[in-house]
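> Pasting in a structure now, in structure tokens, and then I'll have a few things to ask.
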Amino acid sequence: MNEEMRKEQSKLTTETSTDKKSSADKPLSEKTTEDFAHYFQTTYQPPNINKARKRYREDIEVHYDFSIPEDMKSIGADKKFLIRTFGCQMNEHDSETMAGILMQMGYEATTEEKEADIIIMNTCAIRENAENRVFGEIGHLKALKVENPNLIIAVAGCMSQQETVVNRILEKHQQVDLIFGTHNIHRLPQLIQEAMFSKAQVVEVWSQEGDIYENLPKARHGKIKAWVNIMYGCDKFCTYCIVPMTRGKERSRRPEDIIQEVRHLAAQGYQEITLLGQNVNSYGKDFEDIDYLFGDLLKDMNKIDIPRVRFMTPHPRDFDDRAIEALAQGGNLLDHIHLPVQSGSSEILRRMNRKYTREEYLDLVRKIKAAIPNVTLTTDIIVGFPNETDEQFEETMSLVEEVGYESAYTFIYSPREGTPAAAMEDNVPMEVKKERLYRLNELVNKQSAESMQEFEGKVIKVLVEGESKRDPNVLAGYTEKSKVVNFKGPKSIIGQIVDVKITKAKTWSLDGEIVTKITEVNEDAKIFT
Ligand code: SAM
Ligand code: SF4
């Protein structure tokens with residue numbers, strides 16, 4: 001949806017033709033967002049999952065002209081904000097954008113709920129338990145709202161893009177003042193202003209994906225590692241997944257904008273960037289004017305003076321030779337690839353609409369290993385997809401061994417309303433699904449522990465991120481293959497890449513001793529040798 005369409009569609013004022021009497025009689029599960037319309041005298045643009053499923057052919061506009069309207073620049077003076085983020089890196093990065101906008105409006109960050117004048121819950125819809133946690137938190141915020149009626153409570157992110165969630169909030173959680181979605185974060189100033197001065201709940205969720213907004217401010221978390229969005233949305237429509245409905249169609253940022261952002265991060269001293277996309281390696285497939293794909297972007301990233309470049313999350317089907325060839329060049333492109341497989345059974349993969357078979361996935365793995373001999377592979381796996389048989393689950397177990405993943409995010413399938421899989425019959429009892437998850441985790445843990453053993457006695461490069469959470473006298477950092485290393489050293493090396501000799505391998509982390517010599521020159525300057 002572009003700005004013009006938005007202007008036409010928004011500001012749906014209330015007292016529509018909704019039949020209040022019949023609407024009030026309906027149970028919550030049967031109510032539509034139209035039934036709620038009569039509560040509003042303000043912006044009321046609810047989500048629509050059918051619209052979100054469609055893919056439109058309109059051109060995506062790239063906007064470079066974001067600015068905070070003059071009268072909203074000091075709306076947050078002497079006020080504080082708190083953003084609670086659930087879910088993936090994409091959400092983490094969206095929260096950095098929201099924080100950047102709020103800071104330009106004069107707000108200051110706080111971690112104390114009681115101090116906050118605005119609390120934003122940036123939510124995740126990927127599994128039911130993520131949603132339950134958010135509803136728990138929303139319920140808990142009710143007491144704060146009673147104590148401080150001026151507090152603004154906002155719900156943003158993927159959950160807001162779902163009609164049933166919005167209806168549930170409108171019906172049961174009157175303490176929520178504002179609901180906005182993933183496509184209109186740039187409208188935060190106007191929406192906050194409206195929530196402040198309106199007596200009704202403000203709802204603005206665009207179901208049709210938005211344009212690309214380039215110059216949104218970002219309050220990045222830390223000065224060492226940074227997320228960089230390279231594309232938005234997903235067109236894969238895996239049958240279990242809600243993301244194509246909550247994040248809209250695939251759309252890539254222009255290469256020059258990404259390169260400029262990464263150069264700027266390098267100039268600021270960032271040591272590592274992660275290129276982000278729901279489907280990061282389908283980057284560029286939507287360009288009609290240039291032949292520039294993910295592999296080309298990787299090659300350009302390799303020319304930038306930033307020590308480490310990662311990416312999340314590639315889809316096996318889009319992993320083309322151009323990307324493999326670029327990664328094989330090494331340089332700042334790390335040899336750790338997270339390659340979600342989801343299942344080891346071709347039949348389950350077919351029903352998941354993953355668009356590859358077990359054999360095709362294994363061929364890809366062989367190709368990657370041949371081009372990047374030292375590569376580390378990790379993955380995502382779903383167990384207990386509807387009607388998954390014992391044999392099909394065993395195929396997943398054998399694939400995990402064959403590939404030799406060093407770690408994996410493993411999940412029990414969670415039905416998501418509005419997805420094709422949610423309508424599938426499922427004959428697998430929860431007990432069986434839990435047992436499968438347990439066995440899979442045992443295998444993954446074993447492989448992880450084995451991969452850690454290989455580092456004992458070796459000297460490896462560690463990006464020092466800060467103090468260990470368990471012991472402030474110990475520093476913690478990450479290797480190129482994303483292994484956590486704990487070791488003793490001066491705090492002055494936080495943010496640097498140093499050599500560490502590994503003394504002990506554990507299942508999930510490594511202990512080590514710093515090898516890089518640090519010559520103390522004076523209070524302010526340290527020399528590394
Ligand atoms: N786009 C990435 C891909 O295709 O691999 C993954 C993005 S998704 C946000 C992260 C992971 O959540 C998926 O790889 C999948 O394993 C898991 N997931 C998604 N929907 C799920 C569902 N309904 N139940 C359980 N796990 C799910
Ligand atoms: Fe979801 Fe599949 Fe898209 Fe990944 S590729 S975000 S699992 S629909």
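No lab work stands behind these numbers, since they all come straight from the coordinates. Just so it is clear, the structure is predicted and the values come from calculations on it, not from any experiment. Note: ideal-geometry Cβ built from the backbone for every residue, glycine included; neighbour counts use all protein chains shown.
> Using the Cα atoms as the points, what is the convex hull volume per residue of the stretch 407-528 in Å³?
Measuring per residue, one finds 147 Å³ for the Cα hull of the stretch 407-528.
> Divide the volume of the convex hull of the Cα atoms of the stretch 408-474 by its number of residues and quote the answer in cubic angstrom per residue.
Normalising the Cα hull of the stretch 408-474 by residue number yields 185 Å³.
> Taking just the alpha-carbon atoms of the chain, what radius of gyration and Dmax come out, in angstrom?
24.3, 79
> A follow-up question, please. Given the stretch 293-428 reduced to its alpha-carbon atoms as identical point scatterers, what log10 I(q)/I(0) does the Debye formula return at q = 0.19, 0.21, 0.22 Å⁻¹?
After summing over all Cα pairs, the log10 values are -1.07, -1.22, -1.31.
> Under the rule that a partner needs its Cβ under 4.7 Å from the first Cβ, which Cys of the chain have none?
Among the cysteines of the chain, those whose Cβ sits 4.7 Å or more from every other are C88, C124, C158, C234.
> Mind scanning K299/K481; K73/K218; K51/K80; K369/K446 and naming the pairs with a C-alpha gap bigger than 25 Å?
Over 25 Å Cα-Cα: K51/K80.
> Mind giving me the nanometre distance, one decimal, between the label points for N50 and K434, set 7 Å out from Cα along Cα→Cβ?
The answer from the label model is 3.9 nm.
> Any idea how far apart E256 and E288 come out in nm if each label point goes 7 Å out from Cα toward Cβ?
Between E256 and E288, the label points sit 2.0 nm apart.
> Based on the alpha-carbon gyration tensor of the stretch 64-125 and its eigenvalue square roots a ≥ b ≥ c, which shape applies: rounded if a/c is under 1.5, prolate if not and a/b is larger than b/c, or oblate?
Because a/c hits 1.5 or more and a/b fails to exceed b/c, the stretch 64-125 counts as oblate.
> On alpha-carbon atoms, Rg over Rh for the stretch 232-351 using Kirkwood Rh?
Result for the stretch 232-351 is an Rg/Rh of 0.99.
> Quick one: plug the Kirkwood hydrodynamic radius of the stretch 147-203 (C-alpha pairs) into Stokes-Einstein at 20 °C, 1.002 mPa s, and report D in µm²/s.
Estimated via Stokes-Einstein, D reaches 185 µm²/s.
> Stick to the Cα atoms of the stretch 46-203, pair each with every other, and give me the Kirkwood hydrodynamic radius in Å at one decimal.
16.2 Å
> When N is the residue count of the stretch 219-263, what does its C-alpha Rg come to as a fraction of 2.2 N^0.38 Å?
In units of the globular-protein estimate, the stretch 219-263 measures up at 1.47.
> How large, in Å, is the stretch 138-239 by the Kirkwood hydrodynamic radius built from its alpha-carbon pairs?
One decimal place: 15.6 Å for the Kirkwood radius.
> Right, another one. Is there a quick way to get the dipole size of the chain? I mean about its Cα centre, with the Cβ of Lys and Arg at +1 and of Asp and Glu at -1; what is the value in debye to the nearest 20?
Charge dipole of the chain: 700 debye, to the nearest 20.
> Dipole size in debye (nearest 20) for the stretch 394-529 around its Cα centre, Lys and Arg Cβ +1, Asp and Glu Cβ -1?
About 500 debye.
> If a paramagnetic tag sat 7 Å from the Cα of E113 along the Cα-Cβ line, which residues of the stretch 150-190 would have the backbone N under 15 Å from that point?
Of the residues in the stretch 150-190, 151-155, 175-176 have backbone N under 15 Å from the label point off E113.
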